[in-house]
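I have placed the structure first, in the form of structure tokens, so that the comments after it can refer back to it.
Just so you know, all these numbers are worked out from the coordinates, no wet-lab data involved. Everything quoted here is computed from the prediction, not taken from an experiment. Glycine also receives a Cβ, built like all others from the backbone with ideal geometry; neighbour counts cover every protein chain displayed.
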Amino acid sequence: MKGKSKSPCVNVCSIDAKTGYCQGCLRTLDEIAMWPQLSETEKERIVLSLEKRKQ
């Protein structure tokens with residue numbers, strides 16, 4: 001069964017042309033598009049990578 005992790009979306013949806021990351025949640029377009037289908041493990045991996053992207 002797929003998990004129900006809350007999306008990291010903060011409703012500031014604009015992709016930075018230089019980084020390819022959303023300026024609000026720091027995910028890539030692929031990560032955003034695939035979020036509903038990802039496993040809990042995959043979602044956790046992305047969330048952990050977002051912390052590194054903030055730096």
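Evaluate the charge dipole of the chain about its Cα centre and quote only its size in Debye, nearest 20, assuming +1 on the Cβ of each Lys and Arg and -1 on the Cβ of each Asp and Glu. Write out the running numbers ahead of the final one.
On the way: 10 positive and 7 negative charges, 24 e Å.
So the dipole magnitude of the chain works out to roughly 120 debye.
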What Kirkwood radius, in Å to one decimal, follows from the Cα pairs of the chain? 11.5
Ordering of 33-39, 19-25 by burial proxy (mean other Cβ atoms within 10 Å per residue, highest first): 19-25, 33-39
Given the chain, what count of lysine pairs have C-alpha atoms under 20 Å apart, with each pair 8 or more places apart or on different chains? 9
